[in-house]
Every structure is written in C-alpha cells, then in structure tokens.
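Take a look at the structure below.
The values are calculated or read from the model by the stated rules, or taken from the named source; none is laboratory data. The shown structure was predicted, so the numbers you read here are calculated from the model rather than taken from an experiment. Glycine gets a Cβ as well: all are built from the backbone with ideal geometry, and neighbour counts include every protein chain shown. For accessibility, only protein heavy atoms count, side chains too; no ligands or nucleic acids. Shrake-Rupley method; radii C 1.70, N 1.55, O 1.52, S 1.80 Å.
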Amino acid sequence: MLDHPTLTRRSFLVLTGTAAALTLVPTRALGAMTRVRASTILPWTELSEGIHAIADLSLGGNTMVVADGPGVLLVDTKFAHLAYALVADAHTLSSGESSLTLVNTHHHGDHTSGNGFIVPNASKSYAHKNAIPRIEAQLDRMKLGAQGGPAQVGRMKDADPRLLELAAKAADESDALTTNDIAPHSSIGSNETITIGATKVELHHFGAGHTDNDVVVHLPDRNVLHTGDLVFNTLHPFFDPEGGYSAKGWIVSLKHTRELCDSDTIVIPGHGPIGDRASIDAQIRYLESIIDEVQRAIDSGKSKEETQAMSWGFMDGLGFEQIRERAIGAVYDELSK
Ligand SMILES: [Zn+2]
C-alpha cells in the first residue's frame, strides 16, 4: 500500500497504529482455518492444506505461503525486518529446505521491502514488468527500512524473540544490497502460469488499477486468490497517482478478478481480513461510489478541498480513515483531467 514520498515513516506509524486498534470483522468465518503452527515466528493462518496467510494490519501487506512437496511459494515480502522470518516460516510450513519461489503482487514497499533478503535465495522470483524499475528505485528506502528494523521489532508487543535476531541480521546486511538483490528476476506481462510442486499458480495482470503493475495470484485447483492491493477489505484503499493507478481501471481489474471466483473462493486481500468474493464486490462498490460522488461534487462546482472534506455513507465504518481524503483527492484529480 505505502510507497509515496509524502507518506513519511511517522505517518505510516500513525496509520498502522490506528488501524491495528480497530476491530475488524472478517467477512469469512475463519473457524477451522485459524490454526497457527507453534514453530513459526509470525502469526500464520492455515486456509487449507499447505496454504497459509498472514492478515495482520500491523505487519504490512498480507502475505501468502503455498507449500507443495519440494516447492514453496511466497507471495509478497512485507517489511525488511520481517524478511528472514518469512523465509524461515516458509520452510517450516513446507517440508523443510524447499525450493522457494517469490511473487510480488506490486511494487509498494509494504509488499516488497523484504525482497533484498529473499530474492537472492529464491530459485525463481516474479513481478510485473512495470514493477521491476519501480522496485529498483526503492533501494535506498529499503536499506533505511532494514536499518530501522531492530528498533521496530523492539516496539512490537509479544514478538517472537527470534524475530529480533533475524531483523538484526537484515540490518547488518542492508548496506550491501543492490538492485539485483531487491528486484525479482523474472518479469510478467499479462499472464504467466507457474507450478509449485503439483500446484498450478496463475499470475494475472489486468491493466492499471491500484498501480500500473498489479498481479493477481490465482490457484485455480485450490480455489484461492491473492488479490494484492486491488482489495482493501473493510478499509479505505490507498490511491497512488505516482504508481500509475487508475480508479476506473481498478474497477475493470476487479471485475476480471471477480470472474475467477465462485461462492467458495478464499480471497486474500492486500490488507484487511481474509474474505471471499463479497470482499471484491465491496471494493467495486466503493470505487464506483467514490467516482459517482466525486463527479457529482465536481459537477456542482465544489473545489478539491471542499470535496475532500466530504464523506458518504459507503465510507462509514472503514479503517485507514487517515487516507480517506487522499482517496477523494486522487479521484478528483483523475476525473478533472
Ligand atoms: Zn499497495
């Protein structure tokens, strides 16, 4: 979600701190899915056999692990200080020293900042072709993030003691990072199919949406989707004009993503609780509503600032309130072009 020059570390901490304090109601009854392995470092939820996710607002973008035989897939790498813990957990959740494949859903730092400590150790790594130069441009920011990692772990409540050790290792190694370490080595166009063990994984890019490089990760035989930040479940979405976003294109991408679902599909959003296809429908409704309301404000002669001060019923009760004005402003600019 976060990778914008005007969004400082302080505003990030405020954002995540407030969001973490919210009580979010999962749209999907987790029940039997909430089984966390005692030996893992981070709070994984097993969604179905071999498929695990972290959907915790304080730990960056939602991450997925798919373990099948000798293969393990990691989707997104959160922040640098969590990277080595992600790798250790990915191997724990699979059968041991597995062959690791990495996919980034898009370039934003809360989904890619762990890359530098994972890409060099992955047998394969993928991102959309537009994501690669954007990730490379984040090198200095990723180094700084890694160097601040141990302090960040120190502020976490109930963190596994192993996490501090792994964050310190990433901080020590951060100076030597290069663009070749942080950017995935294989680029994706519109579609790519890979396999993890016997599990088929389809990677789809449906055009500009949340960014110009969104990838949806679909496991058709397991009926699981990771949407990246195309879906913010029960949260205001993050709009990033510098990242090539398009509100109208975002809706198109979501409608294509929705076609991959049936009533049983497990949907892992970029942020917020694990959901189902209703969380995609809700994101489409949000985007259609904000476009309609902002267009109405423009038509009635309201300024951008006046429009940003407005709120509408479809926004009620959503987390990430701090980025509501940003969302309205970005749509205002897009519709005023
Ligand atoms: Zn994002």
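Quick rundown of the values:
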{"quantity": "The stretch 65-200: C-alpha gyration tensor shape, a/c 1.5 cut-off, then a/b vs b/c", "calculated": "oblate"}
{"quantity": "Potential lengthening between Lys129 and Gln322 on full extension [0.36 nm per residue; Cα-Cα distance subtracted]", "calculated": "66.4 nm"}
{"quantity": "Spin-label zone in the stretch 51-90 - amide nitrogen under 19 Å from a point set 7 Å from the Cα of Arg141 along the C-beta vector", "calculated": "58-63, 76-83"}
{"quantity": "Accessible area of the chain divided out per residue, in Å², using a probe of 1.4 angstrom", "calculated": "40 Å²"}
{"quantity": "Share of carbon and sulfur in the accessible heavy-atom surface of the stretch 210-333 [1.4 Å probe, %]", "calculated": "45 percent"}
{"quantity": "At most 16 other Cβ within 10 Å, DSSP loop - trypsin sites (Lys or Arg not before Pro), the stretch 152-220", "calculated": "Arg155, Lys157"}
{"quantity": "Accessible surface, 1.4 Å probe, highest first, among residues Arg222, Arg296", "calculated": "Arg296, Arg222"}
{"quantity": "Amide H within-cut-off set for Ser125, under 5 Å, with H built and near neighbours excluded", "calculated": "Leu102, His185, Ser186"}
{"quantity": "Expected 222 nm ellipticity per residue - DSSP helices of 4 or more, -39500 (n - 2.57), all of the chain, to 500", "calculated": "-10500 deg cm²/dmol"}
{"quantity": "Solvent accessible area, Å² - Tyr286, 1.4 Å probe, full protein context", "calculated": "10 Å²"}
{"quantity": "3J(HN,Hα) from dihedral phi, the stretch 263-271, Karplus parametrisation 6.51/-1.76/1.60, rounded to Hz, x for glycine, proline", "calculated": "5, 9, 4, 8, 10, 9, x, x, 9"}
{"quantity": "At R0 = 30 Å, FRET efficiency that the Cβ-Cβ distance of Lys200 and Ser58 yields, to 0.05", "calculated": "0.40"}
{"quantity": "Within the stretch 9-285, percent of DSSP bridges classed antiparallel, to nearest 5", "calculated": "60 percent"}
{"quantity": "Sequence-separation-based contact order of the stretch 9-285, relative, with Cα cut under 8 Å and 6+ spacing, percent", "calculated": "18 percent"}
{"quantity": "Estimated FRET transfer efficiency when R0 is 30 angstrom, pair Val252-Lys304 (beta carbons, to 0.05)", "calculated": "0.75"}
